[in-house]
């Protein structure tokens with residue numbers, strides 16, 4: 001009887017009329033800030049990083065999901081509390097859009113893109129890592145599983161001889177996914193959002209079909225995530241060789257999204 005009630009509850013949860021708003025962008029591309037300010041503007045709750053939250057409960061869940069030992073539907077069914085909000089963001093979502101559509105077929109996608117040189121620098125600043133990977137031994141670093149697997153190109157597999165190449169390849173892959181889904185998503189450039197948060201979020205909310213907008217002024221300048229050091233130039237942070245790697249790997253997608261070398 002309990003299982004039947006749980007199954008019925010899940011069905012009702014998945015079939016709610018108001019579509020989910022899924023924010024998809026790479027780590028440190030502004031997804032948290034966009035999600036929080038959008039949620040406040042349209043007066044909807046926000047779920048942040050459900051895969052990370054699940055990982056705190058079951059450290060092997062994402063590995064099993066990546067290996068297809070469990071389906072995304074099963075993951076949501078086991079942990080519905082992390083997917084109840086209308087607005088949901090997670091940095092792994094760009095590579096999971098097919099899975100997401102299978103569970104939330106009416107979802108609306110907001111794709112967020114940021115210059116790869118700033119994105120990667122911000123990730124490394126967050127982890128207190130240098131722009132030159134030859135200065136550290138990754139396996140000896142005491143990092144949480146999620147961050148270490150990201151830098152090593154695991155879950156999913158991302159090519160690269162060091163964490164600069166891995167992160168650059170991940171950015172290029174996500175940018176291509178975003179490009180291929182522009183017909184079914186709303187695109188936000190982080191740089192434009194950062195210049196005028198209210199205008200960008202209000203316009204986004206209207207595109208998503210919301211008319212009654214609330215003021216989010218009280219949180220527009222909140223630092224939701226540890227801030228990267230944008231005062232250091234790319235050359236000073238990476239040195240020329242590492243910067244050239246990023247520019248080369250990300251070249252075609254940088255050009256498409258208007259990021260100059």
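The values are calculated or read from the model by the stated rules, or taken from the named source; none is laboratory data. Just so it is clear, the structure is predicted and the values come from calculations on it, not from any experiment. Note that we place each Cβ from the backbone using ideal geometry, even for glycine, and neighbour counts take in every protein chain shown.
Looking at residue 231, is it surrounded by fewer than 11 Cβ atoms within 10 Å (Cβ to Cβ) and either more than 26 Å from residue 18 (Cβ to Cβ) or in contact with a helix residue (DSSP H, G or I) (Cβ under 9 Å, 6 or more places away or on another chain) (or both)? Yes; evaluated as a whole, the condition is true for this residue.
Counting only residues that are part of a loop (DSSP other than H, G, I, E, B) and either without any contact (Cβ under 8 Å) to a residue 12 or more places away in the chain or under 17 Å from the mean Cα position of the chain (by Cα) (or both), which one in segment 154-166 is surrounded by the most Cβ atoms within 10 Å (Cβ to Cβ)? Restricting to residues being part of a loop (DSSP other than H, G, I, E, B) and either without any contact (Cβ under 8 Å) to a residue 12 or more places away in the chain or under 17 Å from the mean Cα position of the chain (by Cα) (or both), the top hit is 158. Residues in segment 137-153 that are surrounded by 15 or more Cβ atoms within 10 Å (Cβ to Cβ), modelled with pLDDT under 95 and not in a helix (DSSP H, G or I): 143 alone. With respect to the stated conditions, residue 246 is closer than 20 Å to residue 167 by Cβ, under 20 Å from the mean Cα position of the chain (by Cα) and surrounded by 11 or more Cβ atoms within 10 Å (Cβ to Cβ).
Just so you know, in segment 39-82 the residues that are assigned to a loop (DSSP other than H, G, I, E, B) and in contact (Cβ under 8 Å) with a residue 40 or more places away in the chain include one that is farthest from residue 150 (Cα to Cα), and it is 43.
Scanning segment 99-125 for residues that are within 24 Å of residue 149 (Cβ to Cβ) and in a strand (DSSP E or B) turns up 111, 112, 113.
Only one of the numbered conditions (1) at pLDDT below 95; (2) surrounded by 15 or more Cβ atoms within 10 Å (Cβ to Cβ); (3) on the phi > 0 side of the Ramachandran plot is violated by residue 68, and that is (2).
Take the conditions touching a helix residue (DSSP H, G or I) at 6+ places or on another chain (Cβ under 7 Å) and assigned to a helix (DSSP H, G or I) and apply them to residue 169. Does it pass? Yes; evaluated as a whole, the condition is true for this residue.
Taking segment 175-193 as the range and being surrounded by 13 or more Cβ atoms within 10 Å (Cβ to Cβ) and either modelled with pLDDT under 95 or in contact with a strand residue (DSSP E or B) (Cβ under 7 Å, 6 or more places away or on another chain) (or both) as the test, the residues that pass are 175, 178, 181, 185, 186, 187, 188, 189, 190. Among the residues here, residue 106 qualifies as surrounded by fewer than 18 Cβ atoms within 10 Å (Cβ to Cβ), more than 16 Å from the chain's Cα centre (by Cα) and more than 24 Å from residue 242 (Cβ to Cβ). Does segment 45-59 contain at least one residue that is within 17 Å of residue 213 (Cα to Cα) and modelled with pLDDT of 95 or more? The answer is yes; a qualifying residue exists. One residue stands out in segment 183-211 among those that are in a helix (DSSP H, G or I) and free of Cβ contacts under 8 Å to residues at least 12 places away in the same chain: the one that is nearest to residue 19 (Cα to Cα), namely 206.
Yes or no, residue by residue, for (1) touching a strand residue (DSSP E or B) at 6+ places or on another chain (Cβ under 7 Å); (2) crowded, with 18+ Cβ neighbours inside 10 Å:
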{"residue": "87", "(1), (2)": "yes, yes"}
{"residue": "90", "(1), (2)": "no, yes"}
{"residue": "101", "(1), (2)": "no, no"}
{"residue": "110", "(1), (2)": "yes, yes"}
{"residue": "120", "(1), (2)": "no, yes"}
{"residue": "123", "(1), (2)": "no, yes"}
{"residue": "130", "(1), (2)": "no, no"}
